[in-house]
Amino acid sequence: MVPPLCSETVNLDDPILAHARKDYPSLRQDMTIQEALATIRKVGIGERIIYFYVLDENERLVGVMPTRRLLTAELDKPLSEVMIGNVVSIPDTATVLETCEFFVKNKFLAFPVVDQQQRMAGIVDVSLFTEEVFDLAERQQSDTIFESIGFRIEQVRNVSPVKAFYFRFPWLLATITSGTFCALLASIYEVTLAQALALAFFLTLVLGLGESVSIQSMTVTLQILRNLQPSIRWYARALRHEALTAVLLGTMCGSLVGLIAWIWRGDWLVALAIGSGILLSICAACLIGISVPALLHALKLDPKVACGPITLALADIFTLLCYFTMAMVLL
């Protein structure tokens, strides 16, 4: 019998197969209701069964039989006529956290776990997830937030101020370095800024958009990479998908900010430069948000710890490059 999950025995990154139950009766789709009930009495139902799952001759999952339907159907009816054919299943590659999301999203009391050929590998029911597990999920969510800005929460919990400084300052130093580089970069475009002072007015907004978009892309990529080894093919496919999203985001944000700049300053060319600079910088930010975690993962480095500072630093640099370059070309 699988022990209940608790904060001492489970990690949200555990494979769900490690906690799935195997004590379930196998029902065939060509069985009648009477034969199915006889099988259940003979095999038993384990600790707790809410649904019964129906398999074909190759052990592939083809349907689900709720307990109420099984007990009220006519005894001579075949399971194939009574079962529900559309079954929501959990892949055997899923983690405990991803399984939690299945329960939250679908509101079912149990799920079958299947392999790539849809063969049954186990059952997970709601009793697996105790209150302690959801408390643990909240704590690990907090850890993820801290990891995204460059350090693990365990490293700064209950430590001296000097040690906390040791863990936190290197990442702040990275931010200072990138900020200084951005300042030097802006000085190269001093003439462009002098020609259109309105560019400086929107600089904070442009940097904020670039950082927000890069962190969004980075977060999505980190979630995907939890159970995926990055490859050139995957990267190209992800880049195409994110590129379209980036163009839509950049077009909408650039148009909106450009319209504000035109109404405020009354100069359509400056508004065009600001809007097109935002479009280009958001596209660059999306590229950075995908590329940094993918590269770190491919190099077998911990992407959760280093991604945040590196992504933000690169996003700031490329945002300024795109913004000022477009302004210099158009103005």
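Summary table below
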{"read-out": "Criterion (touching a residue at least 24 places away in the same chain (Cβ under 8 Å), among the β-branched types (Val, Ile, Thr) and within 17 Å of Tyr235 (Cα to Cα)) met by exactly one of Val292, Val270", "value": "Val292"}
{"read-out": "Enumeration of residues in region 183-207 that are assigned to a helix (DSSP H, G or I) and more than 20 Å from Trp262 (Cβ to Cβ)", "value": "Ala183, Leu184, Leu185, Ala186, Ser187, Ile188, Glu190, Val191, Ala194, Leu207"}
{"read-out": "Single residue of region 88-104 satisfying the filter (under 14 Å from the mean Cα position of the chain (by Cα) and charged (D, E, K, R)) that is surrounded by the most Cβ atoms within 10 Å (Cβ to Cβ)", "value": "Glu98"}
{"read-out": "Of the criteria (1) farther than 30 Å from Thr180 by Cβ; (2) crowded, with 22+ Cβ neighbours inside 10 Å, which one Ile224 fails", "value": "(2)"}
{"read-out": "Any hit, region 51-68, residues being in contact with a helix residue (DSSP H, G or I) (Cβ under 7 Å, 6 or more places away or on another chain) and surrounded by fewer than 17 Cβ atoms within 10 Å (Cβ to Cβ)", "value": "no"}
{"read-out": "Test for Ala284: is it among the aliphatic types (A, V, I, L, M), at pLDDT 90 or above, within 29 Å of the chain's Cα centre (by Cα) and within 30 Å of Ile176 (Cβ to Cβ)", "value": "yes"}
{"read-out": "Criterion violated by Arg240 - all others in (1) modelled with pLDDT under 90; (2) surrounded by 14 or more Cβ atoms within 10 Å (Cβ to Cβ) satisfied", "value": "(2)"}
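The values are calculated or read from the model by the stated rules, or taken from the named source; none is laboratory data. Predicted model only: the values in this text are computed from it and were never measured. Here Cβ is always computed from backbone atoms with ideal geometry, including for glycine, and neighbour counts include all displayed protein chains.
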